[in-house]
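Chemist: One structure coming up, written as structure tokens, with questions to follow.
The values are calculated or read from the model by the stated rules, or taken from the named source; none is laboratory data. As the structure is a prediction and not an experimental result, all values here were calculated from the model. Here the Cβ positions follow ideal geometry from the backbone for every residue, glycine too, while neighbour counts run over all protein chains shown.
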Amino acid sequence: MTFEEIKQTADTCLMPTYAHFPVALARGENATYWDAEGREYIDFTAGIGVNSLGTNDEAWKNAVKAQLDCLQHTSNLYYNETVAKAAKLLCERAGFARVHLSNSGAEANECAIKLARKYSFDKYGDGRYNIISLVNSFHGRTIATVTATGQAHYHEFFTPFLDGFKYAESGDREGFLQLLDGTDCAVILEVIQGEGGVLETPREYIEFVRRICDAKDILLIFDEVQTGVGRTGKLFAYETVGVKPDILTTAKGIGGGLPMGACLCTEALGNTLTPGTHGTTFGGNPVACAGSLAVLERMDDAFLQSVREKGDYIREKLNGFTEIQEIRGRGLMIGIDLKTKKAGEVAAKCCENGLLILTAKSALRMLPPLTITYEEIDKGLSVLERVLSES
Ligand SMILES: Cc1ncc(COP(=O)(O)O)c(C=O)c1O
């Protein structure tokens, strides 16, 4: 099909929930893509933080293919070796006792919300169900996770939203304390708010929230859907702030391109969700698990070090771009505020010129594959520099 045919078909049949860039991607090699007409693009998006090992990674593909040669799906009624291995490795590497596997970030957060509420119900009875999230957060698109999302514009159209969510201003300790009234079971936060503009939640605030949660037996949930799986240069971003949550959710990069979400928890919470209280047909699918094993096996110390080094290299180069106001984030999660240009217009121009780049609110955002080469970085940055210097 030509690009026009692809576009016409998609625009006719898909619900118009996405503002597509005018490109149909056909194939890729690490962080380089080609469109249906053979034009080349450097990828600073990784499919919004998903293709952690880039495209066409040999070991990842082989692991997934080997699983496909055995079986693609078992349901969660039966054990499967690949699923068991993936769960074990994820728990070990993340430092948690148990995990529930699902298909997306929103589902992982749904699991975390249910887990927190049931833990509290089991221990304290009814009425202690409130979840506190942060203003400007993003936790997903299901009704519960969109309710948890602390941005007003997501709270349009779909009323009534769920009861039992409160919003705290990031960094405001006094305001946080004022929200507490004995009905709270959990706090959910992103170590770095991704969709909110790549904004770090202050470390001292996270430490403070941890202390209060400990004192009041309120569970602390870190949503590491975007920051997890090596993105910030540590396997999980909680390691960068030195505060461990009770529940950690992750998704995006964990399957290396296959749908996978995970809700991890400590030993104390491990037996809270029992048969019948939570589940999913597809979650923990053996093929996705095979992909996640290949991803986690790759992420040793040297790999994570390379993520930090590439992040530093990009930041150093960006520092020389005069149109850039501020650079935020960690590792290969990078947010850029511009002085005069609009991020959306810059992203569109970059796309026309062979660079795929994201936005997050008014910032430009980079989430390249963690395997991106220095040559690909240089090529991508030269497109960005050109676009930013155009008058
Ligand atoms: C921090 C965070 N949580 C949750 C989600 C939702 O994940 P998904 O789109 O896989 O449901 C996202 C997606 O961008 C995210 O960045």
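Chemist: Can you tell me which residue within the range 265-275, out of those that are of a type in the set (Ser, Thr, Tyr) and touching a residue at least 40 places away in the same chain (Cβ under 8 Å), is surrounded by the most Cβ atoms within 10 Å (Cβ to Cβ)?
Modeler: Only one residue tops the list, namely 272.
Chemist: Of 293, 384, which residue is touching a Cys at 6+ places or on another chain (Cβ under 7 Å) and part of a helix (DSSP H, G or I)?
Modeler: Only one candidate passes the filter, namely 384.
Chemist: Taking the range 128-148, which residues are within 14 Å of the chain's Cα centre (by Cα) and assigned to a loop (DSSP other than H, G, I, E, B)?
Modeler: 137, 138, 139, 140, 141, listed by residue number.
Chemist: To continue, here is another question. Is there any pair with a first residue in the range 211-229 that is charged (D, E, K, R) and a second that is within 12 Å of the ligand (Cβ to nearest atom) and assigned to a helix (DSSP H, G or I) whose Cβ atoms are under 8 Å apart and which are 6 or more apart or on different chains, and what are they?
Modeler: 223/105; 223/109; 223/112
Chemist: Can you find, within the range 40-67, the residue that is nearest to residue 23 (Cα to Cα) among those that are of a type in the set (D, E, K, R) and buried (at least 23 other Cβ atoms within 10 Å of the Cβ)?
Modeler: Among residues in the range 40-67 that are of a type in the set (D, E, K, R) and buried (at least 23 other Cβ atoms within 10 Å of the Cβ), the one nearest to residue 23 (Cα to Cα) is 43.
Chemist: Of all the strands (runs of 3 or more DSSP E) wholly in the range 197-277, which have at least 1 residues that are among the small types (Gly, Ala, Ser) and in contact with a strand residue (DSSP E or B) (Cβ under 6 Å, 6 or more places away or on another chain)?
Modeler: Once the strands (runs of 3 or more DSSP E) in the range 197-277 are filtered for at least 1 residues that are among the small types (Gly, Ala, Ser) and in contact with a strand residue (DSSP E or B) (Cβ under 6 Å, 6 or more places away or on another chain), what remains is 261-265.
Chemist: From the list 326, 385, 376, 316, which residue is in contact with a helix residue (DSSP H, G or I) (Cβ under 9 Å, 6 or more places away or on another chain) and of a type in the set (D, E, K, R)?
Modeler: Within the list 326, 385, 376, 316, the selection yields 385.
Chemist: Just for the range 154-196: of the residues that are outside any loop (DSSP other than H, G, I, E, B) and touching a residue at least 60 places away in the same chain (Cβ under 8 Å), which one is nearest to residue 237 (Cα to Cα)?
Modeler: Among those residues, the one meeting the criterion is 192.
Chemist: Now for a separate question. Can you pull out every residue in the range 276-303 that is touching a Ser or Thr at 6+ places or on another chain (Cβ under 8 Å), more than 16 Å from residue 76 (Cβ to Cβ) and either of a type in the set (Val, Ile, Thr) or without any contact (Cβ under 8 Å) to a residue 12 or more places away in the chain (or both)?
Modeler: 295
Chemist: Which numbered condition in (1) surrounded by fewer than 16 Cβ atoms within 10 Å (Cβ to Cβ); (2) without any contact (Cβ under 8 Å) to a residue 40 or more places away in the chain; (3) β-branched (Val, Ile, Thr) is the only one that residue 206 fails?
Modeler: (1)
Chemist: Does residue 152 count as within 15 Å of the ligand (Cβ to nearest atom), among the hydrophobic types (A, V, I, L, M, F, W, C) and closer than 29 Å to residue 47 by Cα?
Modeler: no
Chemist: Can you pull out the residues in the range 116-132 that are within 16 Å of the ligand (Cβ to nearest atom) and of a type outside the set (Val, Ile, Thr)?
Modeler: Within the range 116-132, just 116 meets the criteria.
Chemist: While we're here: crowded, with 16+ Cβ neighbours inside 10 Å, small (Gly, Ala, Ser), at pLDDT 95 or above and assigned by TED's automatic domain parsing to the domain that holds residue 251: which single residue out of 182, 194, 175 fits that description?
Modeler: Of the residues listed, the single one that is crowded, with 16+ Cβ neighbours inside 10 Å, small (Gly, Ala, Ser), at pLDDT 95 or above and assigned by TED's automatic domain parsing to the domain that holds residue 251 is 194.
A quick yes/no check of all residues on (1) within 15 Å of the ligand (Cβ to nearest atom); (2) under 16 Å from residue 106 (Cβ atoms); (3) of a type in the set (A, V, I, L, M, F, W, C):
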site: 254; (1), (2), (3): yes, yes, yes
site: 268; (1), (2), (3): no, no, yes
site: 272; (1), (2), (3): no, no, no
site: 305; (1), (2), (3): no, no, no
